[in-house]
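Could you have a look at this structure, given as structure tokens, before my questions?
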Amino acid sequence: MEHLLALTVGILFSGALFLMLSGELVRFVFGFVLMGNAVNLLIFAAGRLSFVGPPLIGKTGTVPATPVANALPQALILTAIVISFAMTLFLLILLYRTYAQTRTLNTRQADFLSESPGDDSDSDTPEKDHS
Amino acid sequence: MRITPPDTGAVPDCCRKGLYSCLLPAGLFALLCLAWPRVVNGDVFTVQWAWVPSLDLNLALRLDGLSLLFGLIITMTGFFVTIYASSYMAGHPQNGRFFVFLHAFMIAMLGIVFADNLLLMFICWEATTMLSFLLIGFDHEKSDARENARQALLVTGAGGLFLLMGILLLKSAGFSMTLSVLSESADVIQNHALYPAIFICFMVGAMTKSGQVPFHFWLPNAMSAPTPISAFLHAATMVKAGIYLLMRLHPVMGGTPLWMSTLVLVGGATALWGAIQALGPCDLKRILAHTTLMALGILTLFLGGQTVLSLTAATTFLMVHALYKAALFLAVGSIDHQTGTRDLNDLGGLATRMPLTALAVAGATLSMAGFPLFFGFIGKEIMYAGALAEDMFPLFAAGITLSANALMTAVAAIILLTPFAGTLPAHLKNTCETPWTMRIGPAFMGLIGVVFGIMPEWVSENLIQPAVFAFHPDREEIRLFLFHGINLPLVLSIITLTSGAVIYRQKIRLRRGIRFLTDHLWVTMPGLYQSGLTRFLTTAATVTRILQNGSLTTYMSVIVFTLVVLTGSVWLPHVADIASIPAVTGPYIAMGLFVFVLGAAAVVVTARHRLAAIGGLGGVGGGVALIFLVFGAPDIALTQLLVETLTLIFVSLILLRLPPMEPIVKPGATFQARTLRNAILSISAGLLVFTLVSGVVSTPLDRSLTAFFETHSYVSAHGRNIVNVILVDFRSLDTLGEICVIVLAAWAGVHLIRRPFGQRKAP
Amino acid sequence: MKSVILKTATRLMIGLMLVFAVYVFLRGHHEPGGGFSAALLAGTAFSLLAITNGADHVRKAIRIRPSVMALAGLALAAGAGLPALFFGKPFLTGIWWQTETFAAGTPLLFDSGIFLAVLGAILSILLALEEN
């Protein structure tokens, strides 16, 4: 089963990277989200799949009565999900900002590479009029 | 720099704050004075706090005779420089910054001399490097100040790296990081195979800091600092740090032929070159800077010796130099401040206009020239005695000392006579004396030069001997006297004074000759530095242009390509080791979910419209959540579903404001090499990930951590949900870091959204 | 957004969702749930409210500024680690007060910190976007 999941992860990775390489920023974000999912599955696979109950301790005992799923990767993934969510939000905002400033989301377009008039293009010339 | 109109007497109100800050050095000086009598008796004060014990890094401070001597010089000079600067810098717009830097620098310097741990000393060493950058470049609106500050930073910073390397070599050879312990294993260190490397690293560090040839060039250029800073840096602090390091290392590494020959030769070269160059310029400050080089060379030369006499000579001259150099720098600053120039050709006859400054300069220069009854005379006598007692090259050392001293005598005469004697030029008619704050420092230090010259026994007993004992094991008593009787050193002293007078008579001709010489050198260190720096910067610019070309696709391609090639080349030979993939036995529902996720992903990759892609992403997220649920992870399944929902909301909120996607393959284009290349890259990366994960899951699983969490989750942490207990209890520090990331991302995002367009960020 | 159905449905649902969020938060220590899920749930509820009724509505509902909420969450989470220091244990070690039937401890505070920080982060971006 783990090997099948590994194959799934590999294919998801390919798709995610293909999108991220396309040079268009919306696709980049989609690829990023896809890769987040792939990585979560990767961590999950590393903790092994088992068709057993969740890592909860029953109402009576002090330790799980029956074998339960590996809790450690789950804790890691939970953190990873929320962090990749925050990063996705940030990327989306960057996208929004980029478009507002450059009017394009294609990284290969010339005016995207050079800085647009509204940008801080003059930031490295020293200011004379300010004290 | 003429900021305030030259008026007499009162201190302007605006500089009171600077004046009050002299309480800091004064207080430290008083503290050291409290410890002084006990240090003279041979007591050593130590304090120690563990800082990073695993790295041998302790906040270990130690006060012995040598530290005390340096501490007294640093705080005393700091005190007078602060008082002086309160008037000198008055009205400067960045007055406050100046005093903060000055005192921070002083404290860093005290850190060097009190540190008993080599790593702690290095930290303070680097602090002085950085603060000296800020101080030399204080007038940062002038381009040469910036240039010179950078030069000082690069040269001394590079030397600092050598010092660190030496410290780490010493540590890797298994020696202690504590200086006072280190000297006990001197024999082992000196016979260690790494000794030459360690010595060279330490030596380069000390040479760059103390301006030894061939790293001397930054020091005269550091004159672009405001004059009080030059006085502080040159007389007492920055450049003496290297000398201090050599003194501290003397009992550890000194005495070998390598140590002796290197120090004597380097020091001799520096002393001679500095003394010759001091005759060249007309700028008073540059003259003083070159005499500092000479003094540092002489100090290094004497530290190359092994006898108590030679080390006593070094320590005595250190004090002599600190006293006269600080006084002279401050006095030159006063001349500059009152007349607006420091050029010898424009100055003359100021003795009538600035009598007290003239007196202070007279005291300092006579001490510098080594006239009897002045402290410098004592210093010179012991120097000759020490040079003649050197183990290696005694005649070379004596010769260098003699010629350097003769040149110094001439320079002292130039500094005293040219500005103050002779007729007063017309443009200086209105010059008047400085306020008291600018007179007290030079006057007091000039006066000490005389007092110490008259009572050398007291000085040697209370200052010099405790210092020498701290870094020389033989407690051989060397007493300084006013008059040692008629002997060889006295004869040499007389030769020095007469030849100095001869050189002074010929000063104009000599100046021309030296200028001709320095202008016609084929290779100069500043030239080498400049061309090296230029080449380095152009290379860096080229590399940056190639690597940072602004194309996201290029960056990504490089990253993915590197991943595939590097990881793949290591991993591929082991792929065959993966145990044969077992027959699939798992639940068919899971397989169905995998297929579903892949199908949804295919929709995302091939989507021509955003809505399709968003839908596909939702499918992938939901499918992944179900996979989690099937394999016993309801917690993450729940979180994943909720995150999917929120992501969907935000994606639609933002994508509504963006243009539609462009197709991957442009309509009409049948074949695009770029798309093909991207596909090959991503597929090979995916294959790599697949084989890697397969490899990982083929190895046995270590469940010991999980077992720990399972047994302790309820017993110790009172929670039945093991995942949640890990998050909020066992690994809560990780979670704390995570929510910090989230809050930071949100904060940055909010400001990106809110920041107005086309405007610079508010300063 | 002007859809009347969505608006009405949101009004009905938001209370439910928030109550459910609190429930998810509280059961988190023994059953699936916890601060993260609860914050995401509450965030979803407020997002719906913001989309249908506008950002002002949300601001009035939560009363404090979201950035303050996020920082307070961070402070609470970090502060939950401090009591351990008084007992001479490493930072963030869980400290418990126990009776025979009931146990409460610093991890609960820590979880509340997570809740506030994540919710504050989500809300601050949401409101900034809606008001822009």
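Going by how many other Cβ atoms sit within 10 Å of their own, how do B:ASP391, B:ASP144, B:ASP336, B:ASP729 line up, fewest first?
Ordered by Cβ neighbours within 10 Å, fewest first: B:ASP144, B:ASP391, B:ASP336, B:ASP729.
Now for a different question. Can you tally the net charge around C:HIS57? Count Lys and Arg as +1, Asp and Glu as -1, for every other residue whose Cβ sits under 13 Å from the Cβ of C:HIS57. Mind dumping the intermediate values first?
Values: positive: C:LYS7, C:ARG11, C:ARG59, C:LYS60, C:ARG63; negative: C:ASP56, C:GLU130, C:GLU131.
Here the count lands on +2.
Report the percentage of all Cα-Cα pairs in chain B whose separation exceeds 52 Å, rounded to a whole percent.
35 percent
Mind listing P(r) for region B:263-353? All alpha-carbon pairs, 10 Å bins, whole percents.
Spelled out bin by bin, region B:263-353 gives 17, 39, 27, 14, 4 percent.
If you don't mind, there's one more thing I want to ask. Can you pull out the chymotrypsin sites (Phe, Trp or Tyr not before Pro) in region B:520-609 whose DSSP state is coil and whose Cβ has at most 13 other Cβ atoms within 10 Å?
Numbers: sites: B:TRP522, B:TYR529, B:PHE536, B:TYR555, B:PHE561, B:TRP571, B:TYR588, B:PHE594, B:PHE596; in loops: B:TRP522.
Hits after loop and neighbour filter: B:TRP522.
Among the trypsin sites (Lys or Arg not before Pro) in region C:48-132, which ones are in a DSSP loop with at most 16 other Cβ atoms within 10 Å of the Cβ? Mind listing them?
C:ARG63
Another question about this same structure. At 222 nm, what value in deg cm²/dmol follows for the protein assembly as shown if DSSP H runs of at least 4 each add -39500 (n - 2.57) and the sum is divided by all its residues, to the nearest 500?
Helix contribution divided over all residues of the protein assembly as shown: -22500 deg cm²/dmol.
Then there is this: Based on alpha-carbon positions alone, could you give the equivalent ellipsoid semi-axes of the protein assembly as shown from the gyration tensor, as √(5λ), descending, whole Å?
Semi-axis lengths for the protein assembly as shown are 71, 33, 29 Å.
Shifting gears a bit: Just to confirm my numbers, what's the Cα centroid distance between region B:119-138 and region B:325-373 in Å?
Taking the Cα centre of region B:325-373 as reference, the centre of region B:119-138 is 30 Å away.
Work from the charge dipole of the protein assembly as shown (Cβ charges, +1 for Lys and Arg, -1 for Asp and Glu, about the Cα centre) and give the residue of A:VAL39, B:GLY267, B:ILE414 farthest towards its positive end.
Going by the charge dipole, the pick is A:VAL39.
With a cut-off of at most 15 other beta carbons within 10 Å, and DSSP calling the residue loop, which chymotrypsin sites (Phe, Trp or Tyr not before Pro) in region B:460-505 qualify? Please list them.
Qualifying residues, ordered by number: B:PHE481, B:PHE483.
Ok, one more. Evaluate peptide A:54-67: per residue, the Cβ atoms of other protein chains within 10 Å of its Cβ; return the mean as an integer.
Values: counts 14, 16, 13, 10, 2, 2, 0, 2, 6, 8, 6, 0, 0, 2.
Going residue by residue through A:54-67 and averaging, the value is 6.
So what's the net charge close to B:LEU163: Lys and Arg +1, Asp and Glu -1, counting the other residues with Cβ under 14 Å from its Cβ?
Details: positive: B:LYS171, B:LYS209, B:ARG248; negative: B:GLU126.
So the environment of B:LEU163 carries a net charge of +2.
How large is ³J(HN,Hα) for each residue in region B:375-386, as worked out from phi by the Karplus curve 6.51 cos²θ - 1.76 cosθ + 1.60 (θ = phi - 60°), to whole Hz, x for Gly and Pro?
Per-residue couplings from phi come out as 4, x, 5, 4, x, 5, 4, 5, 5, 5, 4, x Hz.
If we count other beta carbons within 10 Å of each Cβ, what is the order of B:THR401, B:THR315, A:THR102, fewest first?
Listing B:THR401, B:THR315, A:THR102 from fewest to most nearby Cβ atoms yields A:THR102, B:THR401, B:THR315.
Ok, one more. Could you please state, rounded to a whole Å, how far the C-alpha centre of region B:190-236 is from the C-alpha centre of region B:698-732?
Rounded to whole Å, the Cα centres lie 56 Å apart.
By counting other Cβ atoms within 10 Å of each Cβ, how are B:ILE627, B:ILE167 ranked from fewest to most?
Numbers: B:ILE627 26, B:ILE167 23.
Taking fewest neighbouring Cβ atoms as first place, the list is B:ILE167, B:ILE627.
Answer rounded, prolate or oblate for region C:4-131, using the Cα gyration tensor with square roots of eigenvalues a ≥ b ≥ c: rounded when a/c is under 1.5, else prolate when a/b is larger than b/c, else oblate.
Oblate is the answer for region C:4-131, as a/c is 1.5 or above yet b/c matches or exceeds a/b.
Count the net charge of all other residues whose Cβ sits under 13 Å from the Cβ of B:THR735, scoring Lys and Arg as +1 and Asp and Glu as -1. Don't jump to the answer; show the numbers that get you there.
Working: positive: B:ARG731; negative: B:ASP729, B:ASP734, B:GLU738, C:ASP111.
Net charge in that neighbourhood comes out at -3.
To continue, here is another question. Distance between the C-alpha centers of region C:1-80 and region B:42-62? Whole Å please.
Using only Cα atoms to place each centre, the spacing works out to 53 Å.
Which is the longest run of chain B containing none of the trypsin sites (Lys or Arg not before Pro) found in DSSP loop states (not H, G, I, E, B) with at most 15 other C-beta atoms within 10 Å?
B:143-428
Restricting to the protein assembly as shown, compute how many DSSP beta bridges are antiparallel as a %, nearest 5.
Bridges in the protein assembly as shown that DSSP calls antiparallel: roughly 95 percent.
Hey, another quick one. Distance check, please: which entries in B:LYS142/B:LYS285; B:LYS325/B:LYS380; B:LYS17/B:LYS142 exceed 20 angstrom between their Cα atoms? If you can, show how the numbers build up before the last one.
Details: B:LYS142/B:LYS285 18 Å; B:LYS325/B:LYS380 16 Å; B:LYS17/B:LYS142 26 Å.
The answer is B:LYS17/B:LYS142.
Coordinate-derived values only; no laboratory data. Just so you know, these numbers come straight off a predicted model, no measurement behind them. Backbone-built Cβ (ideal geometry, glycine too); neighbour counts: all protein chains shown.
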